[in-house]
1. From the gyration tensor of the Cα coordinates in the range 1-49, what semi-axes in whole Å does the equivalent ellipsoid have, largest first, with each one equal to sqrt(5λ)?
2. Over the range 1-71, what relative contact order in percent results from Cα pairs under 8 Å that are six or more residues apart?
3. Just the accessible area per residue of the range 21-134, please: how many Å² with a 1.4 Å probe?
4. Rounded to the nearest 5, what % of the DSSP beta bridges within the chain are antiparallel ones?
5. Which value, in Å² rounded to 10, gives the accessible area of Glu105 with a 1.4 Å probe and all protein chains present?
6. Taking the range 104-237 on its own, what percent of its Cα-Cα pair distances exceed 21 Å?
7. Give, rounded to the nearest 20 debye, the magnitude of the charge dipole that the chain has about its Cα centre when Lys and Arg contribute +1 at Cβ and Asp and Glu contribute -1 at Cβ.
8. Mind checking the full-extension length gain between Arg213 and Glu97? Use 0.36 nm per residue of separation minus the Cα-Cα distance, one decimal, nm.
Amino acid sequence: MIASVRATLFVIPGSHPAMAARLMLERKGIDYRRIDLVPVISKGILRVAGFPGVTVPAMRLDGARIQGTGAIARALDRAVPEPPLLPEDPERRREVEAAERWADETLQPLARRLIWNILARDPRGRRSYLEGARLGLPVALAAKTAPPLVYLSKRFNEADDDRVRRDLEALPALLDRVDELLASGVIGGDDLNVADFQIATSLRLLMTLDDARPAFAGRPCGDYALSLVPEYPGYAPAALPDEWKSALIQAAPAAGREGS
């Protein structure tokens, strides 16, 4: 571990962008202190801690306050250049940054909306996403006090039923995009980059959802996500109407449908 760099990472349990930041720190070999926050309440805590925004991941790096996986990746590259999270080659960097923007603007929000809608519908998975959390209170107690926070998180993330149904219809095309990025070598290479961490963690969160998992059948992106993020806390049983999910099975590659 690199002792000369001091890092404190603020996360929410189960957050896929926060998991991306954790993996980037580990990729750099930077030891860090992790502070787990409760959803919704986290917004006030981050303000009190001096951060300009109210989202995670948030990091104090050698005294500087940084928020968002993209900003964190660039700060880490400045602090510890090797191994780089953004390629030096200009063309390669443009491709990675385009994939990173797409993941940040499209893939991550979809995964966030699905998880909050499902947890609001069905409480069975709530406790599992707290696995390994350091909240300062027992996981069982945190899960029992979750309902109002889950409701507010669903509302803040605009995870209403109409939006989530459209998200499920769009998911196969988004996974096609990930498979294309893998085939072109923008992601999935030996030198992992910021887009890898953005995309793989979003896929892994989706793969914890019984409602979304059929979309991954027979796809390279499923194996890719598991290879980068073999362990991801949480599991949510199916809670969405079956008719919302017909497009997931219809769009799956034939080999995946036959083996399912």
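1. 22, 13, 6
2. Reported as a whole number, the value is 39 percent.
3. 47 Å²
4. 60 percent
5. 130 Å²
6. Across the range 104-237, Cα pairs with separations above 21 Å total 43 percent.
7. 1300 debye
8. Contour length minus Cα-Cα distance gives 39.0 nm.
The values are calculated or read from the model by the stated rules, or taken from the named source; none is laboratory data. On a predicted model such as this, the values are computed, not experimentally measured, just so you know. Note that each Cβ is placed from the backbone with ideal geometry, even for glycine, and that neighbours are counted across all protein chains shown. Calculation scope for accessible area: heavy atoms of the full protein, side chains included, ligands and nucleic acids excluded. Shrake-Rupley method; radii C 1.70, N 1.55, O 1.52, S 1.80 Å.
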